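A short worksheet on the structure shown next.
Nothing in this text is a laboratory measurement; each read-out follows from the coordinates by a stated rule. Just so it is clear, the structure is predicted and the values come from calculations on it, not from any experiment. Heads up, the Cβs are rebuilt from the backbone with ideal geometry, glycines too, and the neighbour counts pull from every protein chain shown.
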Protein chains: 2
Amino acid sequence: MPGDDLAQLIVTALTAQFADTELSADDVLVVAHKVVSKAEGRVRTLSDVEPEERALALAADLGKDARHVQVILDECEQVLRAERGVLICVTRHGFVCANAGVDASNVPGSEDVVLLPIDPDDSARRIRHRIGELTRVLPAVVITDSFGRAWRHGQCDVAIGCAGLQPLDDWRGRPDANGRVLRATVIAVADELAAVADLAREKNRSQPVVVIHGAGRHTAAEDGPGVQAVIRPKNEDLFR
Amino acid sequence: MPGDDLAQLIVTALTAQFADTELSADDVLVVAHKVVSKAEGRVRTLSDVEPEERALALAADLGKDARHVQVILDECEQVLRAERGVLICVTRHGFVCANAGVDASNVPGSEDVVLLPIDPDDSARRIRHRIGELTRVLPAVVITDSFGRAWRHGQCDVAIGCAGLQPLDDWRGRPDANGRVLRATVIAVADELAAVADLAREKNRSQPVVVIHGAGRHTAAEDGPGVQAVIRPKNEDLFR
């Protein structure tokens, strides 16, 4: 609920379910954004939304609820594609995803839609440090959403915010197993951790948090640059 | 090496390293395509390549070795983008990736480049059934490569071939935790399994195979449709 102390709820649930396991700085807490958004009050009720002209036109084209489209446009910096019932948007954070991340699934009220957090990296940092206060341990925190991909069917969970890890593991300039210098290898660690967690939960089980143990190779003491560092700037992007 | 019995090599290595652990049908063997390609002889030596006009022109534009570009073009169905030193291609399989998957890292000869397998789903099926012959167990097999993404920095490992699992877990039409019907949820399970494995290995350690235990929720007795089912057909693709 809006105002909930999500870190406290996570620690309570962890203690209840894993009484024998201590949280460690090698752990990654992967948190589905939906609970973060709800705790931050990032929910809108469609009956309160008055669609404007552009939303009405797009909704008619796409066969969508115009109020839902208005909420999407409110979260958008740019609409990249509006075809076949799909709105691919650049969000205010710079993420490219369907419907600007506005989602009606796993939301209690039938008229409610959930938005992405305003600053998911900041959300991750705050959850991390609040868990640190409560447990004296600073695990890494990754906040996720399910994004579709260009060119491939299906969605993968990706990181939209993180703290306590480098989201990109940059191997450029380092040697491969044969001593040849790697020229392009940058591993999207935060996104791969998000994918791991998605495999561990089911979409209808209300399991917003997954703990990944033994990920110490990927965690760090500092919060790090967050997922902002993963966004490809517009002027380097070949697919807008 | 070309002609190696890769399944036999994998089983031997598994037995040596995990003497106490039986392979099971709940396991997923995630295999980096490079060893598959090498065993299938999908390696070319640049000194044998005579670049044609288009390769020479692209190489000059991109600051690349024209022989390398020729090999890439030979693997291409279409070049989507050729800018900033990057060639984004549609491969003959239909994958969209940099350099049509042609790669010079972790290859012994300094003039050698490795191509993707001709039919990675078939490669996965053959490895799976050969492991079945050798061990009487049929684990799932996923063959992977590291692909960059539109809009985001860094690469994630993705599945380019698979057998023994449904690459897409389709939740459309099923209810969420509140009973609302999911309308767009299709989980790219094979790609998420590829991502899991990438976190477990390091890029300079010659670790081509990762075993994921406890993935029985995602494995299947049948080979399934393979990663071909993940490719978004050209006429449904908004980003070509």
Which of the lysines could a cross-linker span from B:K64 if the Cα-Cα distance has to be under 24 Å and same-chain partners fewer than 8 positions apart are dropped? B:K34, B:K38, B:K203
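Figure the gain on full extension for A:E133 and A:E236 (residue separation times 0.36 nm, minus the Cα-Cα span) and round it to one decimal in nm. Working shown, then result.
Values: separation 103, 0.36 × 103 = 37.08 nm, distance 3.98 nm.
So the chain would gain 33.1 nm between A:E133 and A:E236.
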Out of A:A197, A:A100, A:A177, any idea which swings most in a Gaussian network model of chain A, alpha carbons joined below 10 Å? A:A177
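Restricting to bridges with both residues inside segment B:10-148, how much of the DSSP beta-bridge set is antiparallel, in percent to the nearest 5?
Values: 13 of 18 bridges.
Here the share of antiparallel DSSP bridges comes out near 70 percent.
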Measuring label to label, 7 Å along Cα→Cβ, what does A:V181 give against each other copy in nm, shortest first? 5.8
Along the charge dipole of the protein assembly as shown, pointing to its positive end and built from +1/-1 on Cβ of Lys, Arg, Asp and Glu, which listed residue (B:I212, A:L56, B:G85) has its Cα farthest out? A:L56
Every other copy gets compared here: list the nm distances from the B:P225 label point (7 Å along Cα to Cβ) to its counterparts, shortest first, one decimal. 3.9
Label-point separation (nm) for B:V79 and A:R54, each offset 7 Å from Cα along Cα-to-Cβ? 3.6 nm
For A:S24, go 7 angstrom from Cα along the Cα-to-Cβ vector, then report the distances to that same point in the other copies in nm, smallest first. 2.3
Mind listing which GluC sites (Glu not before Pro) in segment B:1-108 are in a DSSP loop and have 13 or fewer other Cβ atoms within 10 Å? B:E22, B:E52
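What average count of beta carbons from other chains do you get within 10 Å of the Cβ of residues in A:175-185? Don't jump to the answer; show the numbers that get you there.
Details: counts 3, 8, 10, 8, 2, 7, 1, 5, 3, 9, 7.
Other-chain Cβ atoms within 10 Å of each residue's Cβ, averaged: 6.
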Rg(Cα) / (2.2 N^0.38 Å) computed for chain A, rounded to two decimals: 1.07
Rounded to the nearest whole Å³, what is the per residue volume of the convex hull around the Cα atoms of the protein assembly as shown? 147 Å³
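Can you pull out the trypsin sites (Lys or Arg not before Pro) in segment A:132-186 that DSSP calls coil and that have at most 12 other Cβ atoms within 10 Å? Show your work: numbers first, answer last.
Values: sites: A:R136, A:R149, A:R152, A:R172, A:R180, A:R183; in loops: A:R136, A:R149, A:R172, A:R180, A:R183.
Within segment A:132-186, the qualifying trypsin sites (Lys or Arg not before Pro) (loop, at most 12 other Cβ atoms within 10 Å) are A:R136, A:R172, A:R183.
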For segment A:134-218: span of alpha carbons on each principal axis (Å, largest first): 47, 42, 19
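At 0.36 nm per residue, and after removing the present C-alpha to C-alpha distance, how many nm does the segment from B:D26 to B:R201 gain when stretched out fully?
Values: separation 175, 0.36 × 175 = 63.00 nm, distance 2.05 nm.
Result: 60.9 nm gained on full extension.
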